[in-house]
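Novice: Next up is a structure, given as structure tokens.
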Amino acid sequence: MNLNLLKMIKENNLPKAYFDEMQRSKMRNVNIASFVKWYDNSLIIYERGNARLRENPSVVLNDVWARDFTTGESYTGIDFCIKYLGLNKYASMYVLNEFLKSGNNTAEQKKPMLPISEVERKINDGTYISARGIKQIYAYLCKTRKISPDVVKTFIDKGYLYAECLEKGYNLLFPIYNDEDIISGFERTGILSSNNHRFKGCIITEEYSGFTYVYQHIPNTKETIIVFESSIDIMSFLTLINEGKITMDFDSTVVLVSLRGVQEKILNKYNKGKVYFAVDNDDAGLEFYRKNFNSGNSDSTPTCSLQKYNCKDWNELLQKKDIINETINISNKLPF
């Protein structure tokens, strides 16, 4: 963008102009990603195949709208400028009009539409729904599993908690997003005691994908990966952090990954980053840890905390949290 225009915006000294309804309509339909590149390219980063706001990576810039995947809200031209660029309504219209005049309002070539998947079909027909407001799921997570209501709310707000509607109740689903931020499958957890209605496993189109949760995002840094055996373990781990039983001290982006058991092919997708193991303290988990530790994927593991307190997994440690006699520190700066 022209530096003189930027200076006029900062000084609130833009020339007077009138924008009719046709012009305003065009402003509402600008390509957001192209506009932000023109306005200030340093505001953009690229993650998981999408343009995002550097200071707010949950906001995906896609054609005529920007979608905040934390809140579920979407914004077009003028509203986007007001919400994310801090411009008033007149300044928003002025810069959008200048952008349109520049001739840069072109979208990147779209990929061809693929046939709708079975997962998408069941989301559309209401078989898979957001877990928001489903009392049975809140009771299972908060009362049975002792997971913090704040953690449950965060997962729901981020679009990380769904439910599968059954004849009698629900199964709990953790969405697995692909590089296009489309749900490609779910990690499934049964919450009912009846064997006739309780299901575990996965509903997934990409066989070797795991549920991922970005715990901490630091722009322009490498990723640190902490791997768990289930999404319930991730929620339990986050609850222990919220309650001050665990502290995290990393100078990198931290991503928590569910391996859906101990699947090496999921782990191998993350072998470019620093990997810490938070797998179960049982024969299968420890064997998996030893095998991959010896291959050089990690140099330490939070699993030692489970061994210290003789707990099988992170939910068991959460259930027995009063036995934790000193804060568990997990860090790439200090030894475990």
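Novice: Return yes or no: is residue 141 among the aliphatic types (A, V, I, L, M) and modelled with pLDDT under 85?
Specialist: no
Novice: Here is a follow-up. Could you tell me whether region 163-183 includes any residue that is modelled with pLDDT of 85 or more, outside the structural domain of residue 276 (by TED's automatic domain parsing), closer than 21 Å to residue 50 by Cβ and hydroxyl-bearing (Ser, Thr, Tyr)?
Specialist: Yes, the conditions are met somewhere in region 163-183.
Novice: Could you tell me which residue of region 184-219 is modelled with the lowest pLDDT, considering only residues that are among the polar types (S, T, N, Q) and either farther than 25 Å from residue 68 by Cα or more than 17 Å from the chain's Cα centre (by Cα) (or both)?
Specialist: Top of the filtered list is 196.
Novice: So, in region 111-138, of the ones that are part of a loop (DSSP other than H, G, I, E, B) and of a type in the set (A, V, I, L, M), which residue ends up modelled with the lowest pLDDT?
Specialist: Residues of region 111-138 part of a loop (DSSP other than H, G, I, E, B): 111-117, 125-127, 131-134.
In the following step, the residues that additionally are of a type in the set (A, V, I, L, M) were identified as 113-114, 116, 131, 134.
Numbers: 113: 42, 114: 47, 116: 64, 131: 90, 134: 89.
Among them, the one singled out is 113.
Novice: Among the residues of region 239-287, what is the count of those that are part of a helix (DSSP H, G or I) and either out of contact with any Leu (no Cβ under 8 Å at 6 or more places or on another chain) or surrounded by fewer than 17 Cβ atoms within 10 Å (Cβ to Cβ) (or both)?
Specialist: Selection size over region 239-287: 12.
Novice: Which residue, of 45, 78, is at pLDDT below 85 and either out of contact with any strand residue (DSSP E or B) (no Cβ under 9 Å at 6 or more places or on another chain) or outside the structural domain of residue 178 (by TED's automatic domain parsing) (or both)? Before you say what the answer is, go through the steps one by one.
Specialist: Working: 78 fails: at pLDDT below 85.
The unique qualifying residue is 45.
Novice: Among the candidates 35, 19, single out the residue that is closer than 17 Å to residue 83 by Cα, in contact (Cβ under 8 Å) with a residue 40 or more places away in the chain and not aliphatic (A, V, I, L, M).
Specialist: Result: 35 is the single residue among 35, 19 that is closer than 17 Å to residue 83 by Cα, in contact (Cβ under 8 Å) with a residue 40 or more places away in the chain and not aliphatic (A, V, I, L, M).
Novice: Give the residue that is modelled with the lowest pLDDT, with candidates limited to residues of region 251-284 that are under 18 Å from the mean Cα position of the chain (by Cα) and over 26 Å from residue 188 (Cα atoms).
Specialist: Residue satisfying both the conditions and the ranking: 273.
Novice: Being small (Gly, Ala, Ser), in contact with a strand residue (DSSP E or B) (Cβ under 8 Å, 6 or more places away or on another chain) and over 17 Å from residue 37 (Cα atoms) is the filter here; which residues of region 59-75 pass it?
Specialist: Across region 59-75, the qualifying residue is only 74.
Novice: Hey, does region 61-75 have a residue that's of a type in the set (Asp, Glu), more than 21 Å from residue 177 (Cβ to Cβ) and surrounded by fewer than 19 Cβ atoms within 10 Å (Cβ to Cβ)? Even if it seems obvious, please write down each step before you answer.
Specialist: Kept after step one, since they are of a type in the set (Asp, Glu), are these residues of region 61-75: 63, 68, 73.
From the residues that got through so far, the ones that are more than 21 Å from residue 177 (Cβ to Cβ) too are none.
No, region 61-75 contains no residue that is of a type in the set (Asp, Glu), more than 21 Å from residue 177 (Cβ to Cβ) and surrounded by fewer than 19 Cβ atoms within 10 Å (Cβ to Cβ).
The values are calculated or read from the model by the stated rules, or taken from the named source; none is laboratory data. Quick caveat, the model's predicted, so the values are computed rather than measured. Glycine gets a Cβ as well: all are built from the backbone with ideal geometry, and neighbour counts include every protein chain shown.
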